[in-house]
1. Looking at (1) under 18 Å from L98 (Cα atoms); (2) free of Cβ contacts under 8 Å to residues at least 24 places away in the same chain, which is the only condition E52 fails?
2. Restricting attention to the stretch 86-127, which residues are under 25 Å from L40 (Cβ atoms), part of a helix (DSSP H, G or I) and over 18 Å from the mean Cα position of the chain (by Cα)?
3. Can we say T20 is within 20 Å of K2 (Cβ to Cβ), of a type in the set (S, T, N, Q) and surrounded by 13 or more Cβ atoms within 10 Å (Cβ to Cβ)?
4. Name the residues in the stretch 80-126 that are surrounded by 15 or more Cβ atoms within 10 Å (Cβ to Cβ) and aromatic (F, W, Y), would you?
5. Say whether the condition of being outside any helix (DSSP H, G or I), in contact (Cβ under 8 Å) with a residue 12 or more places away in the chain, under 17 Å from the mean Cα position of the chain (by Cα) and within 17 Å of A102 (Cβ to Cβ) is met by at least one residue in the stretch 11-32.
6. Any residue in the stretch 113-125 that's touching a residue at least 12 places away in the same chain (Cβ under 8 Å): show its pairings with residues that are among the small types (G, A, S) and surrounded by 15 or more Cβ atoms within 10 Å (Cβ to Cβ) at Cβ separation under 8 Å, as long as the two are six or more apart or on different chains.
7. Output the number of residues of the stretch 50-68 satisfying the condition of being part of a helix (DSSP H, G or I) and buried (at least 19 other Cβ atoms within 10 Å of the Cβ).
8. Of the conditions (1) over 30 Å from P121 (Cα atoms); (2) in contact (Cβ under 8 Å) with a residue 40 or more places away in the chain, V104 clears all except one; give me its number.
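Just so you know, all these numbers are worked out from the coordinates, no wet-lab data involved. On a predicted model such as this, the values are computed, not experimentally measured, just so you know. Cβ sites come from the backbone with ideal geometry, for glycine too, and all protein chains shown count toward neighbours.
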Amino acid sequence: MKKKLLLGFRLIVAIILIQTLWFKFSAHPDSVYIFTQVGLEPNGRIGIGVLELVASILILIPRTIWFGACMVLGIIGGAIMMHLTQLGIEINGDSGQLFYMAIVTFVLSLIILFYQRKDIPFIGNRL
């Protein structure tokens, strides 16, 4: 049961990350607005999109789940901080949807990493 639940969490995280890529890579006005507000347009938008793509793939590969989850925590942790410090919870009338999706993605990745902690090289056996 735990294995299926964790697979479900991994799929949810990957789907959330992948579905946002279209907005980043197509220079959707909302995405351009967000990255302009934090001073990362256009290189940051594209670079973070590439990192999210890599993380979404790694979190689905059994040997690299822990690394993908770590990447997601770093990327989405940064997004959450940008929401809290520069962007605000609501962006362009989205009722906070992007922020809440980031929170869900962060929490699920934290749960995934917790259950994969023994697979982390060098420190896994000590956890």
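1. (2)
2. The initial filter retains those residues of the stretch 86-127 that are under 25 Å from L40 (Cβ atoms), namely 86-110.
Next, only the ones that are part of a helix (DSSP H, G or I) stay: 86-87, 97-110.
Matches in the stretch 86-127: Q86 only.
3. No, not satisfied.
4. Those that are surrounded by 15 or more Cβ atoms within 10 Å (Cβ to Cβ) and aromatic (F, W, Y): F99, F106, Y115.
5. The answer is no; no qualifying residue exists.
6. L113/A69; Q116/A69
7. Adding up the residues that qualify gives 8.
8. (1)
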